[in-house]
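Worksheet: the structure to be examined is printed underneath.
Each reported figure results from applying straightforward, stated rules to the coordinates on display, with no laboratory input. A quick note: this is a predicted structure, and the numbers were derived from the prediction, not measured. Glycine gets a Cβ as well: all are built from the backbone with ideal geometry, and neighbour counts include every protein chain shown.
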Ligand SMILES: N#Cc1ccc(Nc2nc(N)cc(-n3ccc(CO)n3)n2)cc1
């Protein structure tokens, strides 16, 4: 399953905010290897004591990330249990969640956004080949390890975070439009196709500066969105809008394979688009 870490080997530094039913902190873990003391900077993700019934979903998500390793998947060192506290110990990713990074008004180029989309597609392709469903693909769960530097030709680098508490536990409606429509009726059997739908919604976020799609809509309006088979406002970039629409097909079986997604992303030529539309107008 995963490595158990002794509570006394962990040190909490500052709080970095909170996720759903969790709080995150920067911290350090100490290891002793061949008699030497090593401290590693880590991210401590603590499950709210009040949500103890979520602990198996919390640990399931930790063990999912511990069983596989890939350059674009977050490294989970293990978990620590101390009384009512359940803590997941993760590698500390330097720039944190992508949605907040984009919202902070960093102006990033179209090719920067495409690089991120391609890296997410390759992480999804890896999971698809292993028949592993992530279940919570969204910009909040993309972590930025390297900002990249256009002038030096250095691309950004992202890591897909753990899915967190399963969608079955959360109010599914809250997760519209990232959660695939078919999940509303059956939150317990997530499929690989569900991740494709979420991929589409996440690419939409990336190209809309981290703004959440359907921002501010209430639960009824969100449910309506699915019941009337509505689509997210299309990007001005027709080829990109088309890929997002393919991924967010209401018929799960018609969503493209990861290989097709990667092929289409690679064929999106940034040159002409970049010149024509340097910044994508925010479409709500
Ligand atoms: N200011 C700032 C700042 C905040 C966080 C990090 N680092 C980090 N490392 C991880 N392993 C996971 C996360 N997360 C952030 C949200 C979630 C939701 O799950 N995870 N953040 C770096 C800088």
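Results, tabulated for the structure shown:
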| read-out | value |
| --- | --- |
| Protection-proxy order for peptides 193-205, 103-115, each taking the mean of Cβ atoms within 10 Å per residue, highest first | 193-205, 103-115 |
| Residue-averaged [θ]222 nm for the chain, counting only DSSP H segments that reach four residues, each worth -39500 (n - 2.57) | -10000 deg cm²/dmol |
| With Cα atoms, 0 to 90° folded angle of helix 192-206 axis to the chain main axis | 80 degrees |
| Global form of region 127-213, assessed from the alpha-carbon gyration tensor, a/c cut-off 1.5 | prolate |
| Full-extension gain in nm, residue 51 to residue 16, via 0.36 nm per residue minus C-alpha separation | 10.6 nm |
| Helix axis angle, 110-129 relative to the chain longest principal axis, alpha carbon, degrees | 60 degrees |
| Distance from region 18-86 to region 138-215 (C-alpha centre basis), Å | 20 Å |
| Normalised contact order of the chain, rounded percent, pairs of Cα under 8 Å and 6 or more residues apart | 16 percent |
| Highest to lowest packing among 208-215, 85-92, scored as the average C-beta count within 10 Å | 85-92, 208-215 |
| Extent along principal axes [Cα atoms of the chain; Å; largest to smallest] | 58, 48, 34 |
| Computed FRET value (nearest 0.05) for residue 253 with residue 39, which takes r as the C-beta separation and R₀ as 35 Å | 0.10 |
| Cα gyration tensor shape of region 96-168, rounded if a/c is under 1.5, else prolate or oblate by comparing a/b with b/c | oblate |
| 0 to 90° range, to nearest 10: angle between helix 238-247 axis and the chain longest Cα axis | 60 degrees |
| Taking region 56-165 and dividing mean pair separation by its residue count, relative contact order in percent (alpha carbons under 8 Å, at least six apart) | 33 percent |
